[in-house]
Amino acid sequence: MLPSHLADDLGRRGINCYEALAISEGCYLCEQPEINLVVIDPSVDDERAKTVQQRFSTLRLHDGATIGDTMWELTNLLGQAPAIQ
């Protein structure tokens, strides 16, 4: 699995992103106080996504989601972009 291009695009827009390649790693990151939403890439299978969705607030992306779509969703869920971490 390669690093996410979406995470790079979000980082350039001032959003702190942490990538996890394993569910256990993602769950550990989500327990940190500065994490307020998990963005799930379309490449994550449904079973693993559900494991995360049951424990944390999530935004599940679909194939073809653009950075503009993602920013719009994040802003609607969390408020103005500068407040997003």
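Where a number appears in this text, it was derived from the coordinates with a stated rule and is not lab data. Small disclaimer: the values here were computed from a predicted structure and weren't measured. Here the Cβ is made from the backbone with ideal geometry for all residues, glycine too, and neighbour counts use every protein chain on show.
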Quiz item: Ignoring the sites themselves, what is the longest stretch of the chain with no trypsin sites (Lys or Arg not before Pro) in a DSSP loop and at most 16 other beta-carbon atoms within 10 Å?
Solution: 14-54
Quiz item: Can you list residues whose amide H is under 5 Å from Arg60's amide H, if they're 5+ apart or on another chain and H is modeled 1.01 Å from N?
Solution: Ile40
Quiz item: Between Glu31, Glu19, Glu47, which gets the highest mean-square fluctuation from a Gaussian network model of the chain, Cα cutoff 10 Å?
Solution: Glu47
Quiz item: Using the reciprocal of the averaged 1/r over all distinct C-alpha pairs, how large is the Kirkwood radius of the stretch 5-75 in Å?
Solution: 12.6 Å
Exercise. In whole Å, largest first, what are the principal axis extents of the Cα atoms in the stretch 22-63?
Key: 29, 16, 15
